[in-house]
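The values are calculated or read from the model by the stated rules, or taken from the named source; none is laboratory data. Just so it is clear, the structure is predicted and the values come from calculations on it, not from any experiment. No Cβ is skipped: glycine too gets one built from the backbone with ideal geometry, and neighbour counts run over all protein chains shown. Heavy atoms of the whole protein, side chains included, go into the accessibility calculation; ligands, DNA and RNA do not. Shrake-Rupley method; radii C 1.70, N 1.55, O 1.52, S 1.80 Å.
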Amino acid sequence: MSGLRVRVLGAGIVGLSVAEELQRRGHAVTVVDRSPAAGASYAAAGMLSPATEVWHGEADLLRLGTASLALWPALADRLRVERRQGGTLLVGYDAGDLQQVERQVALLARHATPADLLDRRGVAALEPGLTRVAGGALIETESSVDPRAVCAALLRRVPVVPDDPASPDVTVVATGSRLPEPWTGLVRGVRGEILRLRSSDPPTRTVRGWIGGEPVYLVPRDDGEVVVGATSEEHAAPPIVTAGGVLRLLTAARRLWPALDRAELVETAARDRPATLDGLPLIGPSGRDGVLLAAGHYRHGVLLAPLTAALVADHLDSGAVEPAVDPRRFERGRR
Ligand code: GLY
C-alpha cells in the first residue's frame, strides 16, 4: 500500500532511514524528534560489522546483519556518504587474547564467513602501527560509515518536526532505548562510552582487539579522527562519561596502537544502547493497530538501519514480518 501518512517517532539513524525508505516508496512521512540525531547514533562508531560483532547463539543476528550490510552500498551512494572499506582486523594482544580471535574465526567459519589467521608479521603487513600484537585475522567484507554524516544526509532528505499533533495512518516508534508504554519494558539501556581522537598516524581500517581480556575497537575516519570504543555497562541512571571508562579505553587503545599517545583527544561521549532481552531488535507490528516498532537495535543500529527500513516498508506494502525480529515474540512468551 502506498500513499499512507506515516509518523516516525525518533530521528536517530534507524528512524531517519525508515522515513527515507518510506518516502521513496510513496508515503507521506514526518519524523518527530526534539533533538534529532542526538541519541545513540551520535556516539556510534559506525562499524558495519555483522561478523565481528556477533557471538555464539547469535545466528539470526549474523544473518540479518549480513543482509543489511549488502544494502549499505546503495544507501551510502544515495546519501553520498563515504563507506570506508578494507575490512575489520581482529587482533589479540597476548596469547590469551589471540585465543579469543581464534574462537571468533572458528565461529565464523561455521557460518560460512571464513577468515585466515595471521601471525604477528601478517598483521603488521596490513597495519604497521600494530607493533605489539600476537596475531589476528582479517574479515575482508566489513566496512564502516560515519553515522553523524549519515544522519546529516538523511536530515536533508526527510522532514523533522519537534511535535506533530496530526493523526497519521501509521506510527513507527523508533525511539531507541526509550520506548513509550506499553513497550517500555521491552528495552533497557546499556551505557556505551566512546572517545574521539585525532591522530597523524591512524589505522587504515577498523581494528578490534582484545588486550589482556579487555575488548576495544578503533574506527578511523577520513580526516584522521579515530573513534575508540566502547565501554558497556547496564545501569538505570542517565549515561555519563566516567573517569574510569575513559581510563580503560585509553589504556587499552594505546597498548594496541601506541601512536595514539600523541593524538589529540577531541571528544568523549556516552549514550545508551537499546538492548532487548534476546539481543535482537523489535521491527514490525507492535500488537496495537497502526503502530509499528523499529527499536531495540542494541549494538547494531547503524548496521541494521537499511534492513530495518526495508522491513518496515515491506510490512506496509505486503504485511510481511521477519519472525526473528517480530516485536510480538515477547508477548507470545508471556501467554
Ligand atoms: N557497535 C559498537 C558498540 O555498540 O559499541
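Could you work out, for the range 24-107, what percent of all Cα-Cα pairs fall into each 5 Å distance bin, beginning at 0 Å and stopping at the bin that holds the largest distance?
With a bin width of 5 Å, the distribution comes to 3, 10, 14, 17, 20, 15, 10, 5, 3, 2, 1, 0.
Taking Rh as the Kirkwood radius computed over C-alpha pairs, what is the Stokes-Einstein D of the range 281-328 at 10 °C in a medium of viscosity 1.306 mPa s, expressed in µm² per second?
Result for D is 149 µm²/s.
Rounded to the nearest 5, what % of the DSSP beta bridges within the chain are antiparallel ones?
70 percent
How large, in percent, is the carbon and sulfur part of the accessible surface of the chain at a probe radius of 1.4 Å?
Within the chain, the accessible surface is 51 percent carbon and sulfur.
Compute the distance from the alpha-carbon center of the range 275-335 to that of the range 121-198, in whole Å.
So the separation of the two Cα centres works out to 17 Å.
For the range 63-112, treating each Cα as an identical point scatterer without solvent, what Debye log10 I(q)/I(0) comes out at q = 0.13, 0.16, 0.31 1/Å?
-0.50, -0.67, -1.12
Which of Pro238, Pro258, Pro203 moves most in a GNM of the chain, Cα contacts under 10 Å?
Highest fluctuation among the options: Pro238.
Can you compute log10 of I(q)/I(0) for the range 1-158 with the Debye formula, treating each Cα as one identical point scatterer, at q = 0.10, 0.11, 0.14 Å⁻¹?
-0.47, -0.55, -0.80
Mind ranking 177-185, 204-212, 303-311, 54-62 by how tightly packed they are, going by the mean number of other C-beta atoms within 10 angstrom, highest first?
303-311, 204-212, 54-62, 177-185
So for the pair Asp223, Thr184, with labels modelled 7 Å out along Cα→Cβ, what separation do we get in nm?
Using points 7 Å along Cα→Cβ, the separation is 3.9 nm.
Arrange the peptides 9-18, 240-249 so that the one whose residues have, on average, the most other Cβ atoms within 10 Å appears first.
Listed from highest to lowest mean packing, they are 9-18, 240-249.
Enter the Cα centre distance for the pair the range 1-72 and the range 213-253, rounded to the nearest angstrom.
First find each Cα centre; the distance between them is then 23 Å.
With each run of n ≥ 4 DSSP H residues scored as -39500 (n - 2.57), what mean residue ellipticity at 222 nm is computed for the chain after dividing by its residue count and rounding to the nearest 500 deg cm²/dmol?
-10000 deg cm²/dmol
For the chain, what does the accessible surface come to per residue with a 1.4 Å probe? Please give it in Å².
Counting only protein heavy atoms, the per-residue value for the chain is 43 Å².
On alpha carbon coordinates alone, what is the Rg over Rh value for the range 203-333, Rh being the Kirkwood radius?
1.08
Considering only the other residues whose Cβ falls under 12 Å of the Cβ of Arg188, what net charge follows from Lys and Arg at +1 and Asp and Glu at -1?
Net charge in that neighbourhood comes out at 0.
How long is the chain along each principal axis, judged by its Cα atoms, biggest number first, in Å?
Taking max minus min along each principal axis of the Cα atoms, the chain gives 59, 40, 39 Å.
If the only charges are +1 at each Lys and Arg Cβ and -1 at each Asp and Glu Cβ, what is the size of the charge dipole of the range 135-288 around the Cα centre, to the nearest 20 debye?
Dipole size: approximately 180 debye.
When Lys and Arg each count +1 and Asp and Glu each count -1, what net charge do the other residues less than 13 Å away from Arg288, Cβ to Cβ, add up to?
In short, -2.
Using all Cα-Cα distances in the range 236-303, what percent lands in each 5 angstrom bin from 0 up to the longest?
Using 5 Å bins, I get a P(r) of 3, 13, 14, 16, 15, 14, 9, 7, 5, 3, 1, 0 for the range 236-303.
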